[in-house]
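A short write-up of the structure that comes next.
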Amino acid sequence: QVQLVESGGGLVQTGGSLRLSCVASTSIFNIRPMKWYRQAPGKERESVASATVFGGTSYLDSVEGRFTCSVDSAKNTVYLQMNNLKTEDTAVYYCSVPNKPNDYWGQGTQVTVSS
């Protein structure tokens with residue numbers, strides 16, 4: 001069983017920045033891609049970004065150029081640097097790692113962007 005713990009959420013004004021962290025209890029990021037999801041009130045959970053220890057990344061179109069996902073394998077940690085935040089980025093952010101039969105998920109961290 002892998003445990004994921006997110007941190008770094010908070011309240012920030014439009015245009016501000018936050019850096020989310022997700023620490024894994026094992027070195028699973030070394031062998032599997034890692035993903036960030038978010039869920040806003042009344043909306044479905046959506047994939048925001050993904051990264052591998054080899055440097056490959058992908059992003060939701062609406063965050064491309066503003067968010068950066070990176071992996072520090074030595075610390076079993078994945079980061080989501082979020083810049084130029086917008087009110088529509090307000091959501092609970094989760095990190096996740098693919099697994100069968102069930103993916104691993106963190107508990108989530110709240111990001112609130114005020115205008």
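The values are calculated or read from the model by the stated rules, or taken from the named source; none is laboratory data. This is a predicted model, so every value here is computed, not measured. Every residue, glycine among them, receives a Cβ derived from its backbone with ideal geometry; neighbour counts consider all protein chains shown. The protein model used for the area step is the full one, side chains on, heavy atoms only, and it has no ligands, DNA or RNA in it. Shrake-Rupley method; radii C 1.70, N 1.55, O 1.52, S 1.80 Å.
Sorting Leu18, Leu11 on solvent-accessible area from highest to lowest, probe radius 1.4 Å, gives Leu11, Leu18.
Find, among the GluC sites (Glu not before Pro) in the range 1-67, those assigned to loop by DSSP (not H, G, I, E, B) with at most 16 other beta-carbon atoms within 10 angstrom.
Details: sites: Glu6, Glu44, Glu46, Glu64; in loops: Glu44, Glu64.
Sites meeting the loop and neighbour criteria: Glu44, Glu64.
A Gaussian network model of the chain, with springs between Cα atoms under 10 Å, assigns the largest mean-square fluctuation among Gln39, Gln13, Gln81 to Gln13. Comparing Thr77, Tyr37, Tyr94 along the charge dipole axis of the chain, the residue lying farthest to the positive side is Thr77, per the Cβ-charge model. Taking a straight line from the alpha carbon of Lys35, these lysines sit under 17 Å away, with near neighbours fewer than eight places off in the same chain left out: Lys75, Lys100. What you get for the chain, charging only the Cβ of Lys and Arg (+1) and of Asp and Glu (-1), is a dipole of about 180 debye around the Cα centre.
Based on protein heavy atoms only, the chain ends up with 53 Å² per residue of surface accessible to a 1.4 Å probe.
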